[in-house]
Amino acid sequence: TRKRKSLDSGIARHIYVHSRLSIWVMTSSDHVAYREGSMDFYVPELFNHGLYYNTRPPMMIDDIFDCLERSKLICSKFYRHRISCLFWKNHPIERVCVVGLIVNHQWKEILKTKEEFVLITLDDCTSSKTKKPCFLVCKCSKELLISCGLQLNLSGNRVRVHGWMDFKYCEMQVEYLEIYNNIVLEIEHWKKASQLRQQMDVPWSIDQESLN
């Protein structure tokens, strides 16, 4: 149920949404698309100025799923499907990097186009004990897999994967992957992901120079 109430001669409007997003305020500021409390969500044209938008930040699978549903709602209801990316707080994140163990893989083929791809199921053991295990499905074309120097039999390997989240299927579209069977490197990824999560908990506030 939505209830709308005009404010200050139509400059801003409260939008009450029965969802996790609570109350949003649309502002007339050119650089702000929507405002939630004191946190601004900027127009997509400014995303390149974001701290993590173009950096493929390391993330844990559990964290990706924690922000996935909220990100889908933000993109659909408040950006009108103009964008499709993850949000942590108000930080837009276009692509991410994950490390995990391949617990399953399935080869598929699209008969019409003869395109072959593999669905790789990853587990990075970051699910909390109070939640069901979070497995991330990653879609990778056979051509890309071979170009990255990987064998067709993948199960049992740890891999590092770069890609973007497909909201429709809740899976990652792989852009690059590599074998990562090194516990030291895996721990380093977890450390960086944990540190980054703390940094992203601080909302993004764009500097005036970027607006000029």
How large is the accessible surface of Ile74 in square angstrom, using a 1.4 angstrom probe and rounding to the nearest 10? 0
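Given a Förster radius of 25 Å and the C-beta distance between Thr55 and Glu143 as r, what FRET efficiency does 1/(1 + (r/R0)^6) yield to the nearest 0.05? Can you show the working numbers first?
Details: r = 26 Å, r/R0 = 1.04.
According to the calculation, E is roughly 0.45.
Give the residue list of chymotrypsin sites (Phe, Trp or Tyr not before Pro) in region 144-212 that are DSSP loop and have at most 13 other beta-carbon atoms within 10 angstrom. Don't jump to the answer; show the numbers that get you there.
Working: sites: Trp164, Phe167, Tyr169, Tyr176, Tyr180, Trp190, Trp204; in loops: Phe167, Tyr169, Tyr180, Trp204.
Answer by residue number: Tyr169.
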How big is the equivalent ellipsoid of region 83-133 along its three axes, where each semi-axis is √(5λ) from the Cα gyration tensor, reported in whole Å from largest to smallest? 27, 20, 9
Between Rg and the Kirkwood Rh of region 131-207, both from Cα atoms, what is the Rg to Rh ratio? 1.03
Within region 81-137, what whole-number % of the accessible surface is contributed by carbon and sulfur, with the 1.4 Å probe and all protein chains included in the calculation? 54
In what sequence, largest accessible area first, do Ser147, Ser76 appear using a 1.4 Å probe? Ser147, Ser76
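What whole-number value in cubic angstrom gives the convex hull volume per residue for the C-alpha atoms of region 53-185? Present the calculation step by step, with values, prior to reporting the outcome.
Working: hull volume 17.5 nm³, N = 133.
Given the Cα convex hull of region 53-185, per-residue volume reads 132 Å³.
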Taking the Kirkwood radius as the inverse of the mean 1/r across Cα pairs, report the Rg/Rh of region 35-106. 1.01
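Sort Lys132, Lys112, Lys72, Lys77 from largest to smallest accessible area, using a 1.4 Å probe on the heavy atoms of the protein chains.
On the way: Lys132 170, Lys112 195, Lys72 55, Lys77 80 Å².
Putting Lys132, Lys112, Lys72, Lys77 in descending order of accessible area: Lys112, Lys132, Lys77, Lys72.
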Ranked order, Arg35, Arg70 - accessible area, probe 1.4 Å, largest first: Arg35, Arg70
So, taking all protein chains as they sit and a 1.4 Å probe, how much accessible area belongs to Thr113, in Å² rounded to tens? 90
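The values are calculated or read from the model by the stated rules, or taken from the named source; none is laboratory data. Being a predicted model, the structure only gives us computed values, none of them experimental. Glycine also receives a Cβ, built like all others from the backbone with ideal geometry; neighbour counts cover every protein chain displayed. Only protein heavy atoms, including side chains, enter the accessible area calculation; ligands, DNA and RNA are left aside. Shrake-Rupley method; radii C 1.70, N 1.55, O 1.52, S 1.80 Å.
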